[in-house]
Each structure stands twice: as C-alpha cells, then as structure tokens.
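**Q** Sharing a structure here in structure tokens format.
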Amino acid sequence: QKEVEQNSGPLSVPEGAIASLNCTYSDRVSQSFFWYRQYSGKSPELIMSIYSNGDKEDGRFTAQLNKASQYVSLLIRDSQPSDSATYLCAVMGKAGTASKLTFGTGTRLQVTL
Amino acid sequence: EAGVVQSPRYKIIEKKQPVAFWCNPISGHNTLYWYLQNLGQGPELLIRYENEEAVDDSQLPKDRFSAERLKGVDSTLKIQPAELGDSAVYLCASSPDWRPSYNEQFFGPGTRLTVL
C-alpha cells in the first residue's frame, strides 16, 4: 500500500463547476496535510495546508480533513481553465526529527471550456 | 519576498561526469530540503537540513550523492559520478521550521538534469 494515494486522473470538469480531488494516507499519526498545484514543467506551488479535522476555506479552495477515515480532499469552486494542472497531496507524520513530507503521485485536473 | 532560488535551471551531462546544484532558500527559513522528482511522480525527499545539520539523509544514495549547507543558508547537492537513472528534476524547498505546524514548504524552480 502506498503511503499517500491519489487517483492519477485526468479529472475533467467544465468551467464553472466544482472540482473534487481526493487523497488517502496510510500513517494514522500523520499531523499535517498539504495540497500543492504543479503546472507542467513547473515546480510545486503550495495552495492549502490543513492540520485539524474539518474544512478550511481559502478563496475558491476548500480543504477537508477526516483523520478517522485517513482522508483529505480539495474542492475547487468555480473551476477555471487556469486551474488545469496536477494537484499533489502531501502528508507529514508525527513531530520529531524523523518527520518528513510524503507526496502522492498527483491528480491531473483538466478544466474544459 | 524572494522565493527559493536554484541554479542551474537545466543541465545536460554525459554519464560518469560530476554535477552540482545550488540552492538559496527563502530568507529566514532554517529548514532546507532537496527532493528528486521523476516524471509522473511526486517529489521524493533526498535530504533535510536544520540550519547546517543534515537531520534526515536516509534516502540519499551516499555512494554517489553528497550535500552540504555551509553556514546554514545556501546548499549544494552533488552527484559524482552521474548515472543515466539520475535524469530527473532536482527540487530545493525551504520552510521556516521543521515542526509540522510550521512546515509549509516552498519550492524553488528546480534543476532539470539530463544524463546522456
């Protein structure tokens, strides 16, 4: 089992719709969760971080965390063609010198006109 | 605020040659990371520095890879000798702190290495 799993996609949504990206993780003691956006040929760009159960909203983005189900998601409202990119889910384990950020393989999102 | 700076952006070398990558983190960020990203994969950690100390280098292939972060600011990652399988994007990231609640990591533009 992979430590962080994402559907590779592509996930295709029409412009203006809600895009829902999902991620599951295997380490129950994970504490920090991040979503990165990566355009083709570019480096990952941090768009959301979430540390506690529930929802966190930032503009058109909402991150949702459910630690009991080991599940984190990203919703993008009013999707725009400029949102077309690969979205990477990243999870950090417990505090300590051994903690590290583990990435999923990413979900490719295509927003169609 | 300036972001993470990396150089070079692209590097093409022949196998068995040495190569070095340089990274300057965001000012004030004590934690620095080197990642490797293959096509279609997420970044994979190679080494993490807290100031000048390498606190996690378990994924660094030490027979050919080395890294340093003198004075706790800039860092250099070296490969000697390079192999065909080392072709990838090498990413540098920095964060204010290693603790999970302060661990938002910001990436540089990366160095795309091609080994022929």
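Every number in this text was worked out from the coordinates using simple rules, so none of it is lab data. Since the model is a prediction, treat every value here as computed from it, not as a measurement. Glycine also receives a Cβ, built like all others from the backbone with ideal geometry; neighbour counts cover every protein chain displayed.
**Q** Over all alpha-carbon pairs of the protein assembly as shown, lay out the pair-distance distribution in 10 Å bins, whole %, shortest bin first.
**A** 8, 32, 35, 20, 5, 0
**Q** Now, a different point. With label points built 7 Å along Cα→Cβ from the Cα atoms of residue B:97 and residue B:55, find their separation and express it in nm.
**A** Inter-label distance under the simple model: 1.1 nm.
**Q** Please work out how much length the chain gains when fully extended from residue A:56 to residue A:82, using 0.36 nm per residue of separation minus the C-alpha to C-alpha distance, in nm with one decimal. Numbers along the way, then the final one.
**A** Values: separation 26, 0.36 × 26 = 9.36 nm, distance 2.18 nm.
Between residue A:56 and residue A:82, full extension yields an extra 7.2 nm.
**Q** Reported to two decimal places, what Rg/Rh ratio describes chain A when computed on Cα atoms with Rh from the Kirkwood expression?
**A** Working: Rg = 13.6 Å, Rh = 14.1 Å.
Rg/Rh: 0.97.
**Q** To continue, here is another question. Among B:3-9, B:110-116, B:31-37, what's the highest-first ranking by average C-beta atoms within 10 angstrom per residue? Mind dumping the intermediate values first?
**A** On the way: B:3-9: 15.7, B:110-116: 18.1, B:31-37: 23.9.
The packing order, highest mean first, is B:31-37, B:110-116, B:3-9.
**Q** In whole angstrom, how long is each semi-axis of the equivalent ellipsoid of the range B:1-77, when you take the square root of 5 times every eigenvalue of its Cα gyration tensor and sort them from largest down? Mind dumping the intermediate values first?
**A** Numbers: eigenvalues 83, 47, 36 Å².
Each semi-axis is √(5λ); the values are 20, 15, 13 Å.
**Q** On to the next question. Could you give the length gained by full extension between residue B:62 and residue B:84, i.e. 0.36 nm per residue of separation minus their alpha carbon distance, to one decimal place?
**A** Working: separation 22, 0.36 × 22 = 7.92 nm, distance 1.68 nm.
Length gained, residue B:62 through residue B:84: 6.2 nm.
**Q** How about the range A:8-47: which chymotrypsin sites (Phe, Trp or Tyr not before Pro) there lie in a loop by DSSP and see at most 15 other Cβ atoms within 10 Å? Don't skip to the answer; put the middle values down first.
**A** On the way: sites: A:25, A:33, A:34, A:35, A:36, A:39; in loops: A:39.
Answer by residue number: A:39.
**Q** Restricting attention to the range B:1-82, which GluC sites (Glu not before Pro) occupy a DSSP loop and are surrounded by at most 16 other Cβ atoms within 10 Å? Write down the numbers at each step before the final one.
**A** Details: sites: B:1, B:14, B:44, B:50, B:52, B:53, B:68; in loops: B:1, B:14, B:52.
Within the range B:1-82, the qualifying GluC sites (Glu not before Pro) (loop, at most 16 other Cβ atoms within 10 Å) are B:1, B:14, B:52.
**Q** Which whole-Hz couplings ³J(HN,Hα) result when phi for each residue of the range A:101-108 is put into the Karplus expression 6.51 cos²θ - 1.76 cosθ + 1.60, θ = phi - 60°, listed in order with x for Gly and Pro?
**A** Going residue by residue, I get 8, 10, 9, x, 7, x, 10, 8 Hz, with x marking Gly and Pro.
**Q** Report, as an integer, the average count of C-beta atoms from other chains found within 10 Å of each Cβ along B:33-42.
**A** Values: counts 2, 0, 4, 0, 5, 1, 0, 5, 5, 15.
Per residue, the average neighbour count from other chains is 4.
**Q** For residue A:11, list long-range residues whose amide hydrogen, built 1.01 Å from N in the peptide plane, is under 5 Å from its own amide hydrogen.
**A** For residue A:11, whose amide H was placed from the backbone, the distant partners under 5 Å are A:108, A:109, A:110.
**Q** Return one quarter of the surface area of the convex hull spanned by the alpha-carbon atoms of the range B:39-116, equal to its mean projected area, in nm².
**A** That works out to 5.8 nm², a quarter of the Cα hull's surface.
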